[in-house]
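Student: Take a look at the following structure, please.
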Amino acid sequence: MARDTGPQCKQCRREGQKLFLKGERCLTDKCGVERRSYPPGEHGRGRLKQSEYRVQLREKQKARRYYGVLERQFHGYYVKASRQPGITGENLLALLECRLDNVLVRLGFAASRRQARQLIRHGHWTVNGRRVDIPSYQVRAGDVIAIKASTPATQVVRDATELTGQIPAWLQADHESLTAKVLRKPERREVAAPVQEQLIVELYSK
């Protein structure tokens with residue numbers, strides 16, 4: 001499985017805002033954006049020309065890093081979204097939101113997407129009673145997500161639920177039994193990602 005192993009705080013600093021890539025750490029004073037609110041690198045404090053292409057590229061990179069997706073896979077999501085009926089940008093965000101690793105974060109069962117991916121890859125979660133170990137698995141309306149019985153990761157998941165904010169309306173969670181259900185496909189107003197999807201569509205449309 002290909003994955004990004006680079007420094008996560010640098011990614012937030014490059015985009016100029018918190019992407020909450022490190023879970024609880026992002027809520028403390030140790031957050032890289034809080035300590036150094038300028039881009040990393042020798043010329044991080046320099047003045048950069050804000051060209052149209054640069055704005056669109058940064059938005060695409062922000063979305064990739066926020067969801068933890070590499071370039072090739074992200075482009076694949078765009079191609080799939082462009083072939084679906086409706087607005088391409090909204091379709092793209094819906095595909096990214098319905099990834100199993102992202103859904104675990106939205107439900108509060110993981111503190112970060114990297115932690116969610118690790119829990120999934122180690123086989124701690126089931127969908128409709130069947131073990132799923134693919135982080136990019138696309139959940140659908142009616143799917144029931146549950147932690148595997150007698151898994152040693154139960155306490156880790158319970159610790160993550162303590163950081164949970166509001167659960168999106170398209171999901172339903174039971175933090176006592178650590179189970180959840182996907183009620184429907186997410187709508188654009190329910191997606192909390194700090195992304196302007198139209199800029200990404202414009203970039204790929206060139």
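The values are calculated or read from the model by the stated rules, or taken from the named source; none is laboratory data. This structure is a prediction, so every number in the text was calculated from the model and none was measured. Please note: Cβ atoms are built from the backbone with ideal geometry, for glycine as well, and neighbour counts cover all protein chains shown.
Student: Identify all residues within region 47-85 that are more than 16 Å from the chain's Cα centre (by Cα), farther than 22 Å from residue 137 by Cβ and either in a loop (DSSP other than H, G, I, E, B) or not charged (D, E, K, R) (or both); write none if there are none.
Tutor: Across region 47-85, the qualifying residues are 47, 48, 49, 50, 51, 53, 55, 56, 57, 85.
Student: Right, another one. From the set of residues in region 185-199 that are in a helix (DSSP H, G or I) and crowded, with 18+ Cβ neighbours inside 10 Å, which is farthest from the chain's Cα centre (by Cα)?
Tutor: Within region 185-199, the first condition is being in a helix (DSSP H, G or I), and the residues that meet it are 188-190, 197-199.
Still in the list and also crowded, with 18+ Cβ neighbours inside 10 Å: 197, 199.
Working: 197: 14, 199: 18 Å.
Step by step, filter region 185-199, then rank; the result is 199.
Student: If I filter region 170-184 down to residues being farther than 10 Å from residue 142 by Cα and touching a Gly at 6+ places or on another chain (Cβ under 8 Å), which single residue comes out as surrounded by the most Cβ atoms within 10 Å (Cβ to Cβ)?
Tutor: If we take residues in region 170-184 being farther than 10 Å from residue 142 by Cα and touching a Gly at 6+ places or on another chain (Cβ under 8 Å), then 173 is surrounded by the most Cβ atoms within 10 Å (Cβ to Cβ).
Student: For residue 156, indicate whether it is assigned to a helix (DSSP H, G or I), surrounded by 20 or more Cβ atoms within 10 Å (Cβ to Cβ) and touching a residue at least 24 places away in the same chain (Cβ under 8 Å).
Tutor: The answer is no for residue 156.
Student: Could we say that residue 204 is aromatic (Phe, Trp, Tyr), at pLDDT 95 or above and surrounded by 13 or more Cβ atoms within 10 Å (Cβ to Cβ) here?
Tutor: Numbers: aromatic (Phe, Trp, Tyr): yes; at pLDDT 95 or above: no; surrounded by 13 or more Cβ atoms within 10 Å (Cβ to Cβ): yes.
Here the answer is no, as residue 204 does not meet what is asked.
Student: Is at least one residue of region 103-111 in a helix (DSSP H, G or I) and surrounded by fewer than 19 Cβ atoms within 10 Å (Cβ to Cβ)? So that I can check it myself, show each step before the final result.
Tutor: Quick first cut of region 103-111, residues in a helix (DSSP H, G or I) only: 103-107.
Narrowing the set further to residues that are surrounded by fewer than 19 Cβ atoms within 10 Å (Cβ to Cβ) leaves none.
Taking every residue of region 103-111 in turn, none turns out to be in a helix (DSSP H, G or I) and surrounded by fewer than 19 Cβ atoms within 10 Å (Cβ to Cβ).
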